[in-house]
Structures are given as C-alpha cells and as structure tokens.
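Below is one structure, written out as structure tokens; comments come after it.
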Amino acid sequence: MPSNAADDRKRLEELIGHFHAAMLVTHAEDGSLRARPLSLAKVHDDGVLYFATCIASPKVAELERTPAVVVTMQDSRRYISISGTARITRDRALIDRLWSETWKLWFPNGKDDPELCIVEVTPRQAEYWDQSGLHGVKFVLEAAKAYATGTKPKSGESGDHAKIHI
C-alpha cells in the first residue's frame, strides 16, 4: 500500500523516538564538514529537533556562519537523515521546558547557566530506512529472493523507506 506524506512524517517521528543521541553535521570554517554526537533534548510536534550546547562551542560559530545542517541517527536496524536549518537560541522559557538534570554535568549552574544555549534544527527534508520488526522480516525475505535470483532487493517497496519534504 502506498504511503502518504502525513503517514511518512508520523513514522519518522516514531522512529526518532527510538533515539537519544544524534550526529549533528555542520560546516567548519575551512568549508569541510564536521560531525559530532549530541543528546537529543526533544522533538517538537512540528518536527523541530532541540539540542543543548555551550555557547562557546565551536559548533555555535559554525552554525551562525552556515546554518545548513544534517542530523543523522542510526542503530542496527533504523537509519534517519534529516537536512535542515539550525539556529541558536537562549530563550529561557524554552530552556526551562527542555531542561534535564543530566545536563548539570555540562552546565553546573543549572538551567540558568550563562553558557547554556539550545540548537534548534528545523527540518526541510528527511529520509528514513527501517529494517526493524516486520519491516526487517520483509527485507530479509526480499534479500533472500534477490540473492537466489541474482537481482537486487526492492527495499523501497517493503514500506521501510521514505523521503519526506517538510
């Protein structure tokens, strides 16, 4: 059964819910790409991703210079790639809402720490691959059939992959 954009977005949000960390890819000053892991603070209903960071972090300067980013998440059966635009905010109401006591490791003064800021990523497009659960069984069957017939598996037809324009 073909999927629709709303179903694909809902499935993307469900898949993101399996992850606690992501790789944020930014543009370094020399134009190269740089990836670093960040804990995922929250995903807003409209798909916005939030990460806590230090205002003095090199990534903040990179994001202010070039806000285009990629966020990736992966485990052994699920893969997500999100392209979007990042911005830095020090909105105290947002920080209050997102605050986690585990952040005290990096921000010893708590949610009022002057070094604390939020990276807000607004997605523009996303892509996911899901080989977990029933999707994984379907893929294994497709892969076995492809191997036996000397063809490639039709992974996009098993409901395990979608490209989403947001």
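The values are calculated or read from the model by the stated rules, or taken from the named source; none is laboratory data. Being a predicted model, the structure only gives us computed values, none of them experimental. Cβ sites come from the backbone with ideal geometry, for glycine too, and all protein chains shown count toward neighbours. Keep in mind that these areas ignore ligands, DNA and RNA; they rest on the heavy atoms of the full protein, side chains included. Shrake-Rupley method; radii C 1.70, N 1.55, O 1.52, S 1.80 Å.
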Inset, instruction - Answer yes or no: is there a residue in segment 126-135 that is at pLDDT 95 or above and surrounded by 17 or more Cβ atoms within 10 Å (Cβ to Cβ). - result: yes
Inset, instruction - Determine the pairs where a residue that is at positive phi, located within segment 87-100, has a partner that is in a strand (DSSP E or B) and open to solvent by 40 Å² or more (accessible area, probe 1.4 Å) with Cβ atoms under 9 Å apart, the partner being 6 or more residues away or on another chain. - result: none
Inset, instruction - Answer yes if at least one residue in segment 19-30 is open to solvent by less than 50 Å² (accessible area, probe 1.4 Å) and of a type in the set (S, T, N, Q), and no otherwise. - result: yes
Legend entry - Odd one out for Arg11, checked against (1) open to solvent by 20 Å² or more (accessible area, probe 1.4 Å); (2) closer than 22 Å to Asp130 by Cα; (3) not in a helix (DSSP H, G or I): (3)
Inset, instruction - Taking Gly156 as meeting all but one of (1) modelled with pLDDT of 95 or more; (2) exposed (fewer than 14 other Cβ atoms within 10 Å of the Cβ), write down the number of the exception. - result: (1)
Inset, instruction - Could you identify the single residue in Pro37, Pro67 that is open to solvent by less than 80 Å² (accessible area, probe 1.4 Å), of a type outside the set (A, V, I, L, M) and closer than 24 Å to Ile166 by Cα? - result: Pro67
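Part of a helix (DSSP H, G or I), among the small types (Gly, Ala, Ser) and open to solvent by 20 Å² or more (accessible area, probe 1.4 Å): which single residue out of Ala61, Ala56 fits that description?
Ala61
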Inset, instruction - Output the number of residues of segment 82-96 satisfying the condition of being open to solvent by less than 10 Å² (accessible area, probe 1.4 Å) and more than 17 Å from the chain's Cα centre (by Cα). - result: 1
Legend entry - Which listed residue is within 19 Å of Lys163 (Cα to Cα) and in a loop (DSSP other than H, G, I, E, B), from Gly31, Gly84, Gly47: Gly47
